[in-house]
1. G203 - would you say it is touching a residue at least 40 places away in the same chain (Cβ under 8 Å) and either surrounded by fewer than 18 Cβ atoms within 10 Å (Cβ to Cβ) or not assigned by TED's automatic domain parsing to the domain that holds N106 (or both)?
2. Within the group R244, R259, R223, which residue is modelled with pLDDT under 95 and either more than 23 Å from P151 (Cα to Cα) or touching a Gly at 6+ places or on another chain (Cβ under 8 Å) (or both)?
3. If only one of E31, E120, E59 is charged (D, E, K, R) and within 21 Å of Y9 (Cβ to Cβ), which one is it?
4. When you scan segment 226-276, how many residues do you find that are among the hydrophobic types (A, V, I, L, M, F, W, C), touching a residue at least 40 places away in the same chain (Cβ under 8 Å) and not in a loop (DSSP other than H, G, I, E, B)?
5. What is the residue count in segment 221-251 for residues that are buried (at least 16 other Cβ atoms within 10 Å of the Cβ) and not hydrophobic (A, V, I, L, M, F, W, C)?
6. Where in segment 140-213 are there helices (runs of 4 or more DSSP H), lying fully within it, with 3 or more residues that are under 30 Å from F83 (Cβ atoms)?
7. Please go through segment 115-139 and pick out each residue that is surrounded by fewer than 15 Cβ atoms within 10 Å (Cβ to Cβ) and outside any loop (DSSP other than H, G, I, E, B).
8. Could you check I105 against (1) part of a strand (DSSP E or B); (2) in contact with a Ser or Thr (Cβ under 9 Å, 6 or more places away or on another chain) and say which number it fails?
Amino acid sequence: MKVLIGTLYSGENEFEECQAAIRSQVGVNFEQLIIRNKPELEAHRLLFTMFLERANEFELLVKVDADTVLGSPQLISRIAQRFRDEPNLEVLSIALKDFFTGALINGLVTFRNSVRWNFEKDTVFPDIPLLDPDRYHYDQSDLAPAGMHSPNPSALQAFHYGVHRGLKSIQKIHSTTHWGLLNLVWKNFLKTQDRRIGFAALGAELVYAGVFNREDQNYTAPRMEEVFQKYADMNAGQVKKEIRMLRLRHWGFLPTDLRRRVLRENRGRLSGNWDA
C-alpha cells in the first residue's frame, strides 16, 4: 500500500520539525507532495486533484499540514494497517494535541483513493469530502494523539489561526464545532497568559467585529499581516484588554450560544460570509 503525504505550507514556524517527523516514518512506502504559498482553496484542489489523478499509484492520502508534527515514526504505517483491516473505511481523522486550545482536536486526516470532493464549491471547508458518514471514523483513543498541532507558532501565525477559525465559526454549517474550539482558546489564554494564544483569540474577535471577511481567509492574504501590525507589539495584558473591549462591543454580553447565533446571522449570512 503506497501512501501520498500531502503538506500545505504557508510560512508555518513548525515546517522543519514537521518535515523531520515525516522523514522519520518507517515501515511504509510513501511519497510527499508539498504545496507552497497557495491560497487555501487552490492548494487543497491541487492536492486532491493530483491524488485522484494518481489513484492507481496511491491508495491513501495523509494530509500533514506544515504546522503539524507527527508523534511516532510508526504512525503512517499504523494508519495504513488500519485501512487494510477495514476495507469499508474511507476517511480516518485522528485527534491531535493542539497548542491553542490545550486539548485534543480533530486532527490528522487520511483519505482512501475512492473519496471524491466537490471542486466547484467556494468553501472555507475545502478538505471535507463527499462521503457516506458510515465510512468515516474519528479516532480519539487508538492512534490518538497523532502528534502536535502548531507546537511553536509565530505571533502572526497564531493570529491567522484565529481569523481562520473565526470565519469558520460563523458559517451556516459546522459553526458550533469551531465556536467551541475558540471558547477553549480564550480559556487557555486566560490560563497560560501566552500572548500567541491571545493573538489567536484576538483574530477571531476581529472577525466578529467585521474587520475580516471571506476574502481574508487565506494565510497568503496580505491584509492579514497589515491588520496584525497594529497589535504586534502588545503584551498579553494588552491583548486581553483589547479582546474584552471587542467582546463587549460585539454581543459578548449575551450567553455564548445566543452570541454565536447572532454572529452567524449578522457577520455570516447578512455580511455574505457564508459558503456559497
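1. Numbers: touching a residue at least 40 places away in the same chain (Cβ under 8 Å): yes; either surrounded by fewer than 18 Cβ atoms within 10 Å (Cβ to Cβ) or not assigned by TED's automatic domain parsing to the domain that holds N106 (or both): yes.
Here the answer is yes, as G203 does meet what is asked.
2. When all the criteria are applied, what remains is R223.
3. On the way: E120 fails: within 21 Å of Y9 (Cβ to Cβ); E59 fails: within 21 Å of Y9 (Cβ to Cβ).
Exactly one residue qualifies, and that residue is E31.
4. The first filter runs over segment 226-276 and keeps only residues among the hydrophobic types (A, V, I, L, M, F, W, C), leaving 227-228, 232, 234, 236, 239, 243, 245-246, 248, 251, 253-254, 258, 262-263, 270, 274, 276.
This time we only want the ones that are touching a residue at least 40 places away in the same chain (Cβ under 8 Å), so: 228, 232, 236, 239, 243, 246, 251, 263, 274, 276.
Applying the additional criterion that residues be not in a loop (DSSP other than H, G, I, E, B) yields 228, 236, 239, 243, 246, 263.
Residues that pass the stated criteria total 6.
5. Residues flagged as buried (at least 16 other Cβ atoms within 10 Å of the Cβ) and not hydrophobic (A, V, I, L, M, F, W, C) within segment 221-251 amount to 5.
6. Values: elements: 155-168, 175-192, 195-208.
Correct list: 155-168, 175-192.
7. R116, L130, P133, D134, Y138
8. (2)
The values are calculated or read from the model by the stated rules, or taken from the named source; none is laboratory data. Remember, it's a predicted structure, so these values are computed and weren't measured experimentally. In this analysis, Cβ positions are derived from the backbone assuming ideal geometry, glycine residues included, and neighbour counts consider all displayed protein chains.
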